[in-house]
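Notes follow once the structure below has been shown.
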Amino acid sequence: MLLSGVLLLSGCSGISLQRPPAFQLDIAPAFAHSTATKRFNKGDFLWNSPPYVKKADFATTKISGSWGPRTDIQSTDHRWSIEVSSAPTAKVLDAYNRAKNGYDANVDETGSYMFARFEKKTFVWGRAFSYLTQFTQDSSLYVPHNGHLTYEVWGVTNDLRHVVHATFSVTHRRLASWGPDVRDARTIEALKNDRDYRLVESCSAGAFEPSLTEIDSLIDSLRLQ
């Protein structure tokens, strides 16, 4: 009876007893700048800088860092992060099974307007899909450019218990850097037909910095504990 009472009390308290997932990565030196691991229980602040405030909906662990020489980090956003959460996996798994492109995957959480180079993948830890995306704070539909171009991976672990979400800022030597010269495509149709959109859709994975193949290798090294 005492044990039942303790369990009932815990359930009524509203406090989640689920711990943030534990995982490891084999981080190559090129990605190993400013690495950090953060763990969030449900309800913890992911960030709290009004007006930008968000709490964790699920227990989450995040490993983050920066890629490339430190001198480059000062001029371009080189950040990356890999999160593993206890979020329900059905939505991501459904997108993996159903989606034909990033636009209808419908898993974006930032309000991104561009989804290029959609690919389905199999990692050691589970199934996933990837795309290149872009987000800005105004209503323009800017063509792909260095400074906002992001490689994202969404996946579900083999045991169907965890969602994996990776984001990597990437660059391409033939793209313009963020500034007044970056073109506004104005419509989605024009964006998809733009030369820079076609470039990031068709170029090799190794044409990006970091190489998308190297990024996938880092993501593939994820091991749940």
Top-ranked residue of the stretch 175-214 - restricted to ones that are surrounded by 13 or more Cβ atoms within 10 Å (Cβ to Cβ) and of a type in the set (K, R), ranked as farthest from R19 (Cα to Cα):
R183
Among what's in the stretch 135-158 and is in contact (Cβ under 8 Å) with a residue 24 or more places away in the chain and surrounded by fewer than 16 Cβ atoms within 10 Å (Cβ to Cβ), pick the residue that is farthest from S217 (Cα to Cα).
S140
Among the numbered criteria (1) crowded, with 18+ Cβ neighbours inside 10 Å; (2) touching a residue at least 60 places away in the same chain (Cβ under 8 Å); (3) within 24 Å of S204 (Cα to Cα), which one does R79 miss?
(1)
Only one of H148, H172, H162 is touching a strand residue (DSSP E or B) at 6+ places or on another chain (Cβ under 8 Å) and more than 24 Å from P210 (Cβ to Cβ). Can you tell me which?
H162
Verdict on V153 being closer than 19 Å to A105 by Cα and touching a helix residue (DSSP H, G or I) at 6+ places or on another chain (Cβ under 8 Å)
yes
In this structure, is V84 crowded, with 17+ Cβ neighbours inside 10 Å, closer than 21 Å to P20 by Cβ and not basic (K, R)?
yes
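Out of all the residues in the stretch 173-185, which are closer than 23 Å to D108 by Cα and at pLDDT 95 or above?
Step one: filter the stretch 173-185 for residues closer than 23 Å to D108 by Cα, giving 178, 184-185.
Those that are closer than 23 Å to D108 by Cα and at pLDDT 95 or above: D184, A185.
Go through the stretch 169-225 and tell me which helices (runs of 4 or more DSSP H), entirely inside it, have 1 or more residues that are over 18 Å from the mean Cα position of the chain (by Cα).
Working: elements: 188-193, 195-202, 212-220.
Here the list reads 188-193, 195-202.
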Among W47, W67, which is the only one that is loosely packed, with under 12 Cβ neighbours inside 10 Å and either over 27 Å from P88 (Cα atoms) or at pLDDT below 95 (or both)?
W47
Within the stretch 97-147, how many residues turn out to be closer than 25 Å to L160 by Cβ, in contact with a Lys or Arg (Cβ under 9 Å, 6 or more places away or on another chain) and in a strand (DSSP E or B)?
8
Restricting attention to the stretch 19-59, and to residues there that are free of Cβ contacts under 8 Å to residues at least 40 places away in the same chain and small (G, A, S), which single residue is farthest from Q137 (Cα to Cα)?
A32
Within the set of pairs 6+ apart or on separate chains, which have a first residue in the stretch 162-179 that is within 22 Å of K91 (Cβ to Cβ), a second that is of a type in the set (D, E) and in a strand (DSSP E or B), and C-beta atoms under 7 Å apart?
H165/E83; A166/E152; T167/E152
From the set of residues in the stretch 96-127 that are in contact (Cβ under 8 Å) with a residue 40 or more places away in the chain and aliphatic (A, V, I, L, M), which is surrounded by the most Cβ atoms within 10 Å (Cβ to Cβ)?
M114
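Please tell me if V92 is assigned to a helix (DSSP H, G or I), closer than 24 Å to P20 by Cα and in contact (Cβ under 8 Å) with a residue 40 or more places away in the chain. If you could, list the steps in order and put the result at the bottom.
Details: assigned to a helix (DSSP H, G or I): yes; closer than 24 Å to P20 by Cα: yes; in contact (Cβ under 8 Å) with a residue 40 or more places away in the chain: yes.
The answer is yes for V92.
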Checking S34 against (1) more than 16 Å from V153 (Cα to Cα); (2) small (G, A, S); (3) surrounded by 15 or more Cβ atoms within 10 Å (Cβ to Cβ), the condition it does not meet:
(3)
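The values are calculated or read from the model by the stated rules, or taken from the named source; none is laboratory data. Quick caveat: nothing in here was measured; it's all calculated off a predicted structure. FYI the Cβ positions are ideal-geometry reconstructions off the backbone, even for glycines, and counts take in every protein chain you see.
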